[in-house]
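Quick notes on the structure that follows.
The values are calculated or read from the model by the stated rules, or taken from the named source; none is laboratory data. Keep in mind that this is a model prediction, so the values were computed, not measured. Here the Cβ is made from the backbone with ideal geometry for all residues, glycine too, and neighbour counts use every protein chain on show. To get the accessible areas, we keep the full protein, side chains included, count just its heavy atoms, and leave off ligands, DNA and RNA. Shrake-Rupley method; radii C 1.70, N 1.55, O 1.52, S 1.80 Å.
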Amino acid sequence: MDLTDKSTIITGGGSGIGKSLAKRFATAGARVTVADLSVEKATQVANEVNGLAVECDVRDEAQIENLVKISEETYGAVDLFCSNAGLAFGEPSHSASASNTVWATCWDVHVMAHVYAARAVLPSMIERGEGYLLQMASAAGLLSQIGDAAYSATKHAAVGFAESLAISHGDDGIKVSVICPQYVATPLLGYEEGGERVQAPGTLSPEDVAETIYEGVVNDRFLILTHPDVKTYIQQKAGDTDRWISGMQQLRRNIIEQTGGTDLKSLSKLL
């Protein structure tokens, strides 16, 4: 997709990858609506990209419908909807130990928010015969995130939903991309917003990730892998799943031995 003059919505656009995407898409000529749970953060980014700021809790379908309505009233039809908002909680002990509230929140943000967005924009996109759904998942949606079953399971579901959209609506002129990054230097991983450029092996800056995502959108690529190693890991998993599981078990033991835990901030100490 050529983003010139395209109306684009980005949820979770007030920080991290979403913020960098808003800047990159605006540089490419897109008219950006920045949506975030924090209207202050959304406004700050929108001011930087000469865009529109909307407060939005993506767990609430009515708020996503309102987000789309405001963007349409301002810019016309929504050409691209980027469902980027995400979160992670970790787990107290075993893989089923996170509370029902944590599981439900992960499901609402990582899966249902994507469903709500598609439900809000697909009818008009299908009628026009064009549109783009850009959905943030994670490498955990293709592999797994050690120490966070709720995150991994819902990111797997996000990838599955994106595949369904692409299969069902490609003939309608709808483009779909699913983004599966590994470690990115955002507050989710314990990095300060706007901190120094990351040099740690295996961790990319939000700006670098946004550039790869932009290239994926320009080339209408379904699976956008910001970290090249992930493709190798997927092939290893598919080639010998038992061996891959064994390797992941060993990796988990190594992480616990070196950091004392498996939460994201512990993992970041290894990067």
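So here's what we get for this one:
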quantity	calculated
Residue match in region 189-199 (condition: open to solvent by less than 80 Å² (accessible area, probe 1.4 Å) and modelled with pLDDT of 80 or more)	no
Hits in region 163-183 - residues which are in contact (Cβ under 8 Å) with a residue 60 or more places away in the chain and either charged (D, E, K, R) or part of a helix (DSSP H, G or I) (or both)	K175
Residue among Q235, Q258 that alone is at pLDDT 95 or above and either open to solvent by 70 Å² or more (accessible area, probe 1.4 Å) or in contact with a strand residue (DSSP E or B) (Cβ under 7 Å, 6 or more places away or on another chain) (or both)	Q235
Residues satisfying the stated conditions in region 130-160, i.e. in contact with a His (Cβ under 9 Å, 6 or more places away or on another chain), open to solvent by 20 Å² or more (accessible area, probe 1.4 Å), closer than 21 Å to V209 by Cβ and assigned to a helix (DSSP H, G or I)	Y151
Spans of helices (runs of 4 or more DSSP H) in region 6-108 with at least 2 residues open to solvent by 10 Å² or more (accessible area, probe 1.4 Å) and among the small types (G, A, S)	16-27
Meets criteria (in contact with a Cys (Cβ under 7 Å, 6 or more places away or on another chain), closer than 27 Å to D220 by Cα and either modelled with pLDDT under 95 or not aromatic (F, W, Y) (or both)) for A35	yes
